[in-house]
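Input: a single structure, listed below in structure tokens.
The values are calculated or read from the model by the stated rules, or taken from the named source; none is laboratory data. Just so it is clear, the model here is predicted, and its values are computed rather than measured. Backbone-built Cβ (ideal geometry, glycine too); neighbour counts: all protein chains shown.
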There are 2 protein chains.
Amino acid sequence: MNSRIQQLRKLLDKENLDAVLISTLPNITYLSSFSGFTTEDRDAYLLITKKRQYIFTHPIYREVAQKDFSDFILVEYRRNNPFHKAVKSIIEKEKVTSLGFEAFDLTVNDYEVLTQEINKKLLKPVNLIDQLRVIKDVEEIQKIKNACKLGDKTFSYIFKKLKTNITEKELATEIEFFIKRNNADISFDPVVAFGPNASQPHHIPDGTKLKKNCFVLFDFGVKLNNYCSDMTRTIFFGEATKEQKELYNAVLNAQLASVDYLKSKLAQKQSVHAPTIDQVGRDYLTDHGYSPFNHSSHGIGLNVHESPHLYPSSNDYMESGMVFSIEPGTYSEGNYGIRIEDIFAIENNKLIQLTKAPKYIITI
Amino acid sequence: MNSRIQQLRKLLDKENLDAVLISTLPNITYLSSFSGFTTEDRDAYLLITKKRQYIFTHPIYREVAQKDFSDFILVEYRRNNPFHKAVKSIIEKEKVTSLGFEAFDLTVNDYEVLTQEINKKLLKPVNLIDQLRVIKDVEEIQKIKNACKLGDKTFSYIFKKLKTNITEKELATEIEFFIKRNNADISFDPVVAFGPNASQPHHIPDGTKLKKNCFVLFDFGVKLNNYCSDMTRTIFFGEATKEQKELYNAVLNAQLASVDYLKSKLAQKQSVHAPTIDQVGRDYLTDHGYSPFNHSSHGIGLNVHESPHLYPSSNDYMESGMVFSIEPGTYSEGNYGIRIEDIFAIENNKLIQLTKAPKYIITI
């Protein structure tokens, strides 16, 4: 039997629930390893009760369900035989009196439809799978390591493609094709930003041509066996001035400050409130006269952004088995954007860096 | 001023609403032409009142908002200054007493957060933008034509790549790279399915190698200037037997039956209930001893699947300005899957075919 479903049933007990309805695609992948449902339409739901597990899907996924969800009971739904009626009959049959659902994912419409058949009082918003996903097992960390390794290879490949007049869009496409030729997927649309374009953290690569003497920011990730990597490198195309080198090194040192802080806390077996990691980096930048970043580092796994949350209002604490980015940056509108991002895991209370591409200032 | 926002305000009047909250990404694109927000996180909402239009987004999208939403008032939200409080203050200031929201897209969590600040009685589930999007203007149809044209080019390109032992995955990657090298995007992950693999309509291309004498199904789409194409072609690799040719021609004739039915209805200015189009094709297959398809044709535009809905339970009627697929198929588990899909538009009450790749039986 699927050990993740066993763990999930323990959480059901803990939360006094008889069952949980799973609608989030990566959560469906987590419980099955299948990742072929589209995000365009709602293709499947899982219902996990104390004794059985069900997959609800369209007839067009029948073969998929039989193959990739072989330990699930298949319930086909159609527009004229909708899933909420099937859910109701199972709930009645198994005498479910409390049903968890993913309020952060389920739409208001789906909820309204569901509560036409099921008493609202039965339904409890939960995020149980997140509690499981936030702590990665050895196999999951290995998958993220593999994704990061291909990310590193991608960086050393793309790095050699830099030349005067190449466009951001061309480089972004090269990144994507390299990853896909290596039988992986991108975990998000690659960002390539020249000079002032990088002052928008989410710049969309365009026809801007590369000219000498500017920073070039690459932010991209690999998805391999469903697990994501994410990495940002900023390099200098040309000969950086002393001031530009100092700017770069301020960001690098901000990252090292966050890393050292976390390492020393772990070594002392002290608890680490997740947002303090970025705060150390922000403080470093502020103390040295640079403007701190307003984005945040983040957990990573089946999603490129997931728990643990490192943003300022997060209540998460760092634990062994967590995998996350540390990514300080400094930005000046109309001038530049510099960011350095690596992925780290805590294994047996030790901090391990998974992305390994060089990050001393590279000038070409 | 943005004419789509003017049209939307007319719908607000018609529906007795003072304002509408837009959360769906393609709807945000429809009202702005900007398509750079990620699906991973909820990056932006639009609020359209009778007099003003607002964009709520994170500070990291500030430059985007200023550039691509220049006729919107920018309201930045942060985790410690959430959007529902900003929505509330606008609603109070503009004396909004009824607010539409997209219940098919908004999550239960977002709704709960919103209704902490806003009386539930003010909120009305609506799908206003869908009413606008279902009827395309000349410019939109031209964009879909351009996407279809690149789809046709892609088909004639990929067609020449067929050879013994090439894998489905290799061909799918070739389709994707060709489209992306032409400065477009894929509208969904391409499907390439050899022989029995095609009996699953949503087969995921894998390492299956091409061997002589089987059907090969291609289902792929282009996204160009935000608008989608979609096309399916089934060809025969080898020399088809008489029976195989008959099978193929049955599907082709089913499609032609649907097309002729729709054309004659339009010529007679008779109303056409959308599901009858596929039903004509299904009936043709059944009458000739082949099993009919259980999927449905669909509208297409900013989404690859959108209104008009052609599935059996749809209440839509066909109108000028609609763009949609007609895609019959027949499947036999473990044996084959044959499907032919083209995109059509109704322009001035005439049916126009937008995809033009050949669809007589091609044998290689």
Exercise for the section: At least 2 residues that are more than 11 Å from chain B (Cβ to nearest Cβ), under 16 Å from the mean Cα position of the chain (by Cα) and not acidic (Asp, Glu) in each: list the helices (runs of 4 or more DSSP H) lying fully within segment A:125-244 that qualify. Expected result: A:128-133, A:138-159
Handout entry: Which numbered condition A:Glu246 misses (of (1) crowded, with 23+ Cβ neighbours inside 10 Å; (2) over 23 Å from A:Val323 (Cα atoms))
Key = (1)
Problem - Failed criterion for B:Thr39 (all others in (1) in contact (Cβ under 8 Å) with a residue 40 or more places away in the chain; (2) of a type outside the set (A, V, I, L, M); (3) in a loop (DSSP other than H, G, I, E, B) hold) - result: (1)
Handout entry: segment B:28-54, subset of a type outside the set (Ser, Thr, Tyr) and within 14 Å of another protein chain (Cβ to nearest Cβ), residue surrounded by the most Cβ atoms within 10 Å (Cβ to Cβ)
Key = B:Ala44
Fill in the blank from the handout: Within segment A:289-303, of all residues that are more than 25 Å from A:Tyr336 (Cα to Cα) and within 12 Å of another protein chain (Cβ to nearest Cβ), the one surrounded by the fewest Cβ atoms within 10 Å (Cβ to Cβ) is A:Asn303
Handout entry: Considering residues of segment A:309-359 that are closer than 23 Å to A:Tyr248 by Cβ and acidic (Asp, Glu) only, the residue surrounded by the fewest Cβ atoms within 10 Å (Cβ to Cβ)
Key = A:Glu333
Handout entry: Residue list for segment A:255-278, filter: within 14 Å of chain B (Cβ to nearest Cβ) and either of a type in the set (Asp, Glu) or surrounded by fewer than 21 Cβ atoms within 10 Å (Cβ to Cβ) (or both)
Key = A:Pro275, A:Asp278
Problem - Flag for A:Gln279 being without any contact (Cβ under 8 Å) to a residue 24 or more places away in the chain and of a type outside the set (A, V, I, L, M, F, W, C) - result: no
Completion exercise
Flagged in segment B:65-103 as touching a residue at least 24 places away in the same chain (Cβ under 8 Å), loosely packed, with under 15 Cβ neighbours inside 10 Å and within 29 Å of the chain's Cα centre (by Cα), in numbering order, are B:Asp71
Exercise for the section: State the number of residues belonging to segment B:310-364 that are under 24 Å from B:Thr234 (Cα atoms) and not in a loop (DSSP other than H, G, I, E, B). Expected result: 21
Completion exercise
Note: among B:Val87, B:Val64, B:Val113, B:Val75, just one is outside any helix (DSSP H, G or I) and either modelled with pLDDT under 95 or more than 14 Å from every other protein chain (Cβ to nearest Cβ) (or both), namely B:Val75
Exercise for the section: Kindly indicate whether A:Leu106 is within 13 Å of chain B (Cβ to nearest Cβ) and within 28 Å of B:Ser23 (Cα to Cα). Expected result: yes
